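Asker: Could you have a look at this structure, given as structure tokens, before my questions?
The values are calculated or read from the model by the stated rules, or taken from the named source; none is laboratory data. Worth saying up front: this structure is predicted, and the values here are computed from it rather than measured. When we count neighbours, we look across all protein chains shown, and the Cβ atoms used for this are built from the backbone with ideal geometry, even at glycine. These accessible areas exclude ligands, DNA and RNA; they are computed on the full protein's heavy atoms, side chains included. Shrake-Rupley method; radii C 1.70, N 1.55, O 1.52, S 1.80 Å.
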Amino acid sequence: MGALGTAAMARMDEQLPWFRALSAEDRSWVGLVAQAGIAAFVEWFQHAGEGRLTPSIEFFGTAPRELKRSISLQQTVDVVRVVVEVVEAQTHELAAPGGEDQLQQAMLRYTRDVAFAAAQVYAREAEARGSWDARLEALIVDALVRGEVDDGLHSWAAALGWTSSPVVVIAGNAPDDDPRAVIDGLREKGRRIGMDLLAGVQADRLIVIVGGASDADHAAKQVVARFGVGPIVIGPEVPDLHAAARSARAALAGLKASCGWPDAPRPVHAEDLLAERALDGDADAREQLIENVYLPLAGTPLLDTLATYLEQGTSLEATARLLFVHPNTVRYRLKKITELTGYQPTEGRSAFTLQVGLILGRLSESAETWRALT
């Protein structure tokens, strides 16, 4: 048995490049496992005629847990194949006269059971790893939803192999399927399209975190079929996972307020729901509207022009009459408003958003004045 173990180690060193690249400690453990396997075969074969039908495969327990992470199942199969080749090469020396066929048949049965045993070992490890990964994934999604982002979040994500940026969060209704099946399907989809995906089902909501997408709309189209019926909201793109709480907050606020725009596209960007989110009490949306709509126009004739234009039902002529200016002046000012805010007053949805931003700005200014007086 010692000679066979030595010969097997020499053959592995000669034929397996990955074995040569292992550390001395891991090489030693592999050698011990191989020798234990040979010893178990000899012991089983010696008593094969005494009713012992199943070979012992407990020698896999010789290896430490860390070795199973260093060596893949394919590499384990390589080790088994090398050991079998070494034993087969010495069959004539090992077997009794006329017992070569019996020895070879025993080896075939033994190696079959060894192969099944190796598969079971790696399957158990994969199941344990899968359960641990699922718990980590749920923790990450929950932390982002609650806005509790710290260094631990990056450690959890690194353990799952997350390296992608930028990041976008997509929220919608969860389907009626089993949550585990939904999340597994999303992971498989992510692997196929080359993007990192983390997902979680919370009550009736499905939240998907996408990393490495060059375009948020394209990423959403890849996963939209996994959601249940109803709106799907895309949060703003952020540079990394640490900032993804902002994207998640916007996506969930947009999902909550989406009923205010029944004809919204599916999916819809959270930025396109700023007015509905602000009316629903979303502080981030209110602040964003004040910053993007009211403040750029405050203190300029553009603010009065916008207010008059909206109050007059977007009538160009009526606005010009009330402001005592030429209609072309109104047109010019409306164009400048579009350049400064990104919203076009002559378009229905944009006019509605501008109206909400204008009201919020006035309320904010009034509140500041009241605080100063009191």
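Asker: For Thr308, only one of the following conditions fails: (1) open to solvent by less than 50 Å² (accessible area, probe 1.4 Å); (2) part of a loop (DSSP other than H, G, I, E, B). What is its number?
Answerer: It fails just one condition, (2).
Asker: So, one more: Out of the range 281-302, which residues are under 29 Å from the mean Cα position of the chain (by Cα) and not in a helix (DSSP H, G or I)?
Answerer: Of all residues in the range 281-302, those under 29 Å from the mean Cα position of the chain (by Cα) come to 282-285, 288.
Result: Asp282, single match.
Asker: List every residue pair whose Cβ atoms lie under 9 Å apart, where the two residues are 6 or more positions apart in sequence or sit on different chains, the first residue falls within the range 1-21 and is loosely packed, with under 13 Cβ neighbours inside 10 Å, and the second residue, located anywhere, is of a type outside the set (Asp, Glu) and outside any helix (DSSP H, G or I).
Answerer: That search, which allows pairs on different chains as well, returns Ala3/Gln90.
Asker: Checking Leu241 against (1) under 27 Å from Asp176 (Cβ atoms); (2) in contact with a helix residue (DSSP H, G or I) (Cβ under 7 Å, 6 or more places away or on another chain); (3) in contact (Cβ under 8 Å) with a residue 24 or more places away in the chain, which single condition isn't satisfied?
Answerer: Answer for Leu241: the failing condition is (1).
Asker: Further, regarding this structure: Give the range 203-232 a look and list any residue that's outside any helix (DSSP H, G or I) and open to solvent by less than 40 Å² (accessible area, probe 1.4 Å), or say none. Spell out the reasoning first.
Answerer: First pass over the range 203-232, keeping only residues outside any helix (DSSP H, G or I): 203-215, 227-232.
Matches in the range 203-232: Leu206, Ile207, Val208, Ile209, Val210, Gly211, Gly212, Ala213, Phe227, Gly228, Gly230, Ile232.
Asker: Considering only residues that are outside any strand (DSSP E or B) and among the acidic types (Asp, Glu), which ones fall in the range 185-202? Walk me through it before giving the result.
Answerer: Restricting attention to the range 185-202, the residues satisfying the condition of being outside any strand (DSSP E or B) are 185-195.
Within the range 185-202, Glu188 is the sole residue that qualifies.
Asker: Return a yes/no flag: does the range 196-213 have any residue that is in contact (Cβ under 8 Å) with a residue 24 or more places away in the chain and closer than 23 Å to Gln344 by Cβ.
Answerer: no
Asker: Follow-up question, since we're still on this one. Among residues belonging to the range 64-98 that are more than 14 Å from Leu16 (Cα to Cα) and assigned to a loop (DSSP other than H, G, I, E, B), point out the one that is modelled with the highest pLDDT.
Answerer: The residue in question is Pro97.
Asker: Only one of Tyr122, Tyr110 is of a type in the set (Phe, Trp, Tyr), farther than 30 Å from Gln202 by Cα and at pLDDT 65 or above. Can you tell me which? Steps first, answer last, please.
Answerer: Values: Tyr122 fails: at pLDDT 65 or above.
Only one candidate passes the filter, namely Tyr110.
Asker: Looking at the range 253-280, which of the residues that are open to solvent by 30 Å² or more (accessible area, probe 1.4 Å) and assigned to a helix (DSSP H, G or I) is nearest to Val141 (Cα to Cα)?
Answerer: Taking the candidates together, the pick is Lys256.
Asker: Going through Ala158, Ala134, Ala174, Ala117 one at a time, which residue ends up being in contact with a Phe, Trp or Tyr (Cβ under 8 Å, 6 or more places away or on another chain) and modelled with pLDDT under 70?
Answerer: Answer to the check: Ala117.
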